[in-house]
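Following: one structure in structure tokens, then a few remarks.
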Amino acid sequence: MKKRENIDLIAPIVPRVGIGNLKILTHIKDYKELVSSFSWIDPKSLKDCSVSLFSPFHIGYEMKDALIMIFDVITGKLQRICAIKKYEGTLLGKIKVGMLLE
């Protein structure tokens, strides 16, 4: 799986801007179609995309093993994007998720 809707799992990681064509501080309404395709976490039938509460004020949308988008419930803005195991984009054209530090 390389692409899902607007998310490009091989797009570069751009500090203070975003990753996977997702932009920090973008309002959730701009990702309405994308986030409405996610389902609430159900341990028995965990699908590729899920939704969970991180705190009373933060909701997370996760593409399983690829990335997590965390939105502020009060402002509706994308606060954090976490690249995880299967995200293939690079930071500065050479640093990838899971690389060993030497």
Self-check item: Spacing of the two label points (7 Å from each Cα toward its C-beta) at L92 and K29, in nm
Solution: 3.9 nm
Self-check item: Label-point separation, M99 to C82 (7 Å along Cα→Cβ), nm
Solution: 2.1 nm
Quiz item: What residues qualify as long-range amide H neighbours of T90, i.e. H under 5 Å apart, gap of 5 or more or another chain, H built at 1.01 Å from N?
Solution: I13
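Readers should treat all values here as calculations from the given coordinates under stated rules, not as data from a laboratory. The structure presented is a predicted model; accordingly, all values stated were derived computationally and were not measured. Backbone-built Cβ (ideal geometry, glycine too); neighbour counts: all protein chains shown.
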